[in-house]
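The values are calculated or read from the model by the stated rules, or taken from the named source; none is laboratory data. Small disclaimer: the values here were computed from a predicted structure and weren't measured. Here the Cβ positions follow ideal geometry from the backbone for every residue, glycine too, while neighbour counts run over all protein chains shown.
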Ligand code: NAD
């Protein structure tokens, strides 16, 4: 059977863990040459080594423009081009239950990675793709950017902005043959959802997460938590030729949470 991404070159930011890790593995299996870009060098290097000679690690902080410029240069120099940019790296920030307690330094940090990182990643990739036959840019948003809620204000705002940016850049980049889409995962079990609340001990947090997990699962119409591979499979479809006529869309991968029942929000 032919491979979906044979010969394509893909960058995956935040590729050392969770959704990025699952996507790196699937893209490599599907014939892509993959650059895993992450701040976690130890884990990223080990994953690249495990996935084989068509996968490399590049240390990158996506909130740094210089790092992302170097990353795109690295992909082109190493694998001869760039076809897919998956702007996946993201952080949840501190989990202040109420915005009244929120710390704006945390807001700057979250926006720096989740929004600014996606915008810089898109611009640097598109500058290359526009001159080299186009490509696909995929941004990882979240249902937190679709459904309003009380906590996680900086995270929600950053992801809502990523969704709007995705649609605007899809229109802007279309004439260069660059498709731009976003995914909006629901509750996916990864280290990101192992969040912390300031002032709370890790034992307390583990108890809260254990109590919340079945609630999150049962609130989904499909009644199961999402897996990183569920998101990776969607990323594969969007980045493949099968989605050649799709741009500017935001696809929820949420077991039906955003389908319309407000009780499940
Ligand atoms: P994760 O914590 O497992 O992985 C995130 C990766 O990003 C880590 O390897 C981390 O080192 C890396 N990273 C963090 N800051 C970085 C930076 N500045 N530069 C480069 N790399 C950086 O998390 P995940 O759940 O796989 O999240 C991936 C994306 O999916 C995020 O954008 C997240 O917001 C989004 N998302 C996750 C969920 C979920 O439930 N897990 C839901 C919706 C959206």
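Key figures
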item: Residue in the range 166-179 that is closer than 15 Å to residue 110 by Cβ and more than 13 Å from the ligand (Cβ to nearest atom) present; result: no
item: Residues that are within 13 Å of the ligand (Cβ to nearest atom), crowded, with 16+ Cβ neighbours inside 10 Å and either more than 18 Å from residue 82 (Cα to Cα) or in contact (Cβ under 8 Å) with a residue 40 or more places away in the chain (or both), drawn from the range 29-42; result: 35, 37, 38, 39, 40
item: Single unsatisfied condition, residue 255 versus (1) assigned to a loop (DSSP other than H, G, I, E, B); (2) surrounded by fewer than 13 Cβ atoms within 10 Å (Cβ to Cβ); result: (2)
item: Search result, residues across the range 173-190 that are closer than 15 Å to residue 136 by Cβ and assigned to a loop (DSSP other than H, G, I, E, B); result: 177
item: Flag if residue 235 is under 19 Å from residue 152 (Cα atoms), modelled with pLDDT of 80 or more and either in a loop (DSSP other than H, G, I, E, B) or within 20 Å of the chain's Cα centre (by Cα) (or both); result: no
item: Candidates 188, 208, filtered to the one that is at pLDDT below 80 and surrounded by 12 or more Cβ atoms within 10 Å (Cβ to Cβ); result: 208
item: Residue satisfying condition, being within 16 Å of the ligand (Cβ to nearest atom), touching a residue at least 40 places away in the same chain (Cβ under 8 Å), surrounded by fewer than 22 Cβ atoms within 10 Å (Cβ to Cβ) and not in a helix (DSSP H, G or I), within set 151, 161; result: 151
item: Residues (under 16 Å from the mean Cα position of the chain (by Cα) and either assigned to a helix (DSSP H, G or I) or without any contact (Cβ under 8 Å) to a residue 24 or more places away in the chain (or both)) located in the range 43-60; result: 44
item: Residues located in the range 123-148, provided they are assigned to a helix (DSSP H, G or I), closer than 13 Å to residue 163 by Cα and free of Cβ contacts under 8 Å to residues at least 60 places away in the same chain; result: 144, 145
item: Output for the range 1-28, where each listed residue is away from the ligand (no atom under 15 Å from the Cβ) and outside any loop (DSSP other than H, G, I, E, B); result: 9, 10, 28
item: Subset of the range 43-58 that is out of contact with any strand residue (DSSP E or B) (no Cβ under 7 Å at 6 or more places or on another chain) and within 13 Å of the ligand (Cβ to nearest atom) - its residue that is nearest to residue 140 (Cα to Cα); result: 43
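Conditions tested, residue by residue: (1) buried (at least 24 other Cβ atoms within 10 Å of the Cβ); (2) closer than 21 Å to residue 115 by Cα; (3) in contact with a helix residue (DSSP H, G or I) (Cβ under 6 Å, 6 or more places away or on another chain).
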residue: 1; (1), (2), (3): no, no, no
residue: 44; (1), (2), (3): yes, no, no
residue: 56; (1), (2), (3): no, no, yes
residue: 66; (1), (2), (3): no, yes, no
residue: 75; (1), (2), (3): yes, no, no
residue: 78; (1), (2), (3): no, no, no
residue: 83; (1), (2), (3): no, no, no
residue: 91; (1), (2), (3): no, yes, yes
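Yes/no matrix, rows are residues, columns are (1) assigned to a loop (DSSP other than H, G, I, E, B); (2) within 12 Å of the ligand (Cβ to nearest atom):
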{"site": "67", "(1), (2)": "no, yes"}
{"site": "75", "(1), (2)": "no, no"}
{"site": "82", "(1), (2)": "yes, no"}
{"site": "89", "(1), (2)": "yes, yes"}
{"site": "96", "(1), (2)": "yes, no"}
{"site": "108", "(1), (2)": "no, no"}
{"site": "114", "(1), (2)": "no, yes"}
{"site": "117", "(1), (2)": "no, yes"}
